[in-house]
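The values are calculated or read from the model by the stated rules, or taken from the named source; none is laboratory data. As the structure is a prediction and not an experimental result, all values here were calculated from the model. Cβ: placed from backbone, ideal geometry, glycine included. Neighbour counts: every protein chain shown.
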Amino acid sequence: MFLLAAITAATLFLNGAEIHQTEALSLAKGMNEIRVEGLSPSLNPSSIQLSLTGGAVITSSQFITDYLSSSVARHDDLEQTLANKKALLTELTNQAATNLTSLSLLESGVRASMSYDRVTTATVDANLKFYQSKAADLYAQKITLDNAIAKTKEEIKQLEAQIKESSTQGKTRSGVLLLTVSSPKAQRQPLEIRYFTPEAAWSMHYDINVKAIGEPIELVKKAHVSQTTGLDWSTVRLTLSTATPMRNNQAPELSTWFINKYEKPLYFATRAAKVANASFAAMDNMVFEEEAEMATMDDFITTTKNEVALEYHIDVPYDVQGNGKEQIIALGTETLANVDYAYYVVPKVNTDVFLIADLSLAPANSTSGETTASPLALLPGEASIHYNGTYFGETYLNTNALHLTLGTDPSIRVKREKVQDLTATKGSTTSQALTYRTSITNTKTTPVKLIVKDQYPVSQNKDIKVSLLDKTTAGAANDSERGLLTYTLSLSPAETQSLLLDYTLRYPKDWTIR
């Protein structure tokens, strides 16, 4: 018995997928030999699960990879078409040669008939009319034949390229399941097949929409789905899961930790591994899928969380082509009400003032106050930021608290300048006193909250001393290990405030520091 199992559902993991396929078996009483085709050739054979009811028992099963004849047949069809085109080209070329011969004979005949000594005017007129009539037909035929020859040559060229590509691609693979089923009676029962394949994946992406300062932020969740299982999924129910089924499930154990004298090697080689941003390099090849006449996907998404994974169950069937191109599936929208807007500037690097949204990833209706227990349970993922309908760039969402840069505001003016740089040497020690002033003016008509970050040097040598004056650290959060100062300012409309960074360096006089 030959069957072609249909894909009914698929659970996509962050890497890999579990595919569900079903087909009705018409079983005779006794033993039945069944061949089920249409499975993914990249499946993991040890993951295959079979289910059959009605008292029927699967006594043996074997998975094989078969090479279909469809591509071979296509290759043969192309070869036959090429042979036909080449035969046509030969025929057209012969017709063109006959046409040229006819033109040559016509010209020779007319020329000969007009070379007699007793040729009359009437004879000349008759010959000219005959030549013009026949020549016009022959030249029209020549143009038609030349065009047909050029077209046929181009078709032959294209066919040869297709045949070369077909030969390079080779045969198409297909997964096949060979079953032996024992049935107590003649009956028709559904066969359910489940298996895992690594050739599929999904990742979370977000659109972060900010309407205005002080208003909640809209978080649109989207899944980027792709698969190269060797099958095209048609009207399949999808579940997106954060589980990692291919991870090593063996609990770790500790072995003896041996130490010994370290011998410095003669040569060190280092290699840095680069992590590429795959989501956005693929966007040139994305296939965007939209639901027609659908205002929101929230009503079609069910989210569940168990002990090992978060799952999105999608009630809308999807087509996912097996060409590896990403498709976008909307997973609903969340509103984030716990947003703290502030302005931010690092004058040492850039005097532009940036608008920052410090948001908590708790939903607007959350009353627990604990963002870590948020029902959103968001995954890490790339995010596009839109402010008041304008695209502002990309960020990466990876924690329960996130700082989003929404753009710059030129109405808050910042100026940083060095006002003192005094160097003096006393005995064996050089002292260098430096002072920087940062002036900030709010030209807006509303008060603003501004976070200012500045920096002073941190010594890594006991002979180099760094001393901060008290007026520098007043009102600032001082991270002495990193040499970072953070000021939180409130500026009224038209108000100007100044900050001083004042420190002294002491080091041996014959040293150069940097």
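Could we say that L177 is within 20 Å of E23 (Cβ to Cβ) and either modelled with pLDDT of 95 or more or within 37 Å of the chain's Cα centre (by Cα) (or both) here? Against the criterion (within 20 Å of E23 (Cβ to Cβ) and either modelled with pLDDT of 95 or more or within 37 Å of the chain's Cα centre (by Cα) (or both)), L177 qualifies.
In the stretch 21-40 there is at least one residue that is touching a Pro at 6+ places or on another chain (Cβ under 8 Å) and of a type in the set (A, V, I, L, M, F, W, C). Y436 meets the stated requirement of being at pLDDT 90 or above, crowded, with 18+ Cβ neighbours inside 10 Å and among the aromatic types (F, W, Y). Considering only the stretch 65-80, I want to know if a residue exists there that is modelled with pLDDT of 85 or more and within 30 Å of T197 (Cβ to Cβ). Scanning the stretch 65-80 turns up at least one residue that is modelled with pLDDT of 85 or more and within 30 Å of T197 (Cβ to Cβ). Taking the stretch 204-231 as the range and being among the small types (G, A, S) and buried (at least 20 other Cβ atoms within 10 Å of the Cβ) as the test, the residues that pass are A223, S226.
Can you pull out every residue in the stretch 480-514 that is acidic (D, E) and surrounded by 13 or more Cβ atoms within 10 Å (Cβ to Cβ)? It would help to see each step written out before you state the result.
Just the residues of the stretch 480-514 that are acidic (D, E), to begin with: 481, 495, 502, 510.
The answer is E495, D502.
In the set T430, T423, only one residue is touching a residue at least 60 places away in the same chain (Cβ under 8 Å) and in a strand (DSSP E or B); that residue is T430. Among the residues of the stretch 375-418, just one is under 22 Å from E495 (Cα atoms), acidic (D, E) and at pLDDT below 90, namely D409. Restricting to the stretch 147-174, count the residues that are at pLDDT below 70 and not acidic (D, E). Adding up the residues that qualify gives 7.
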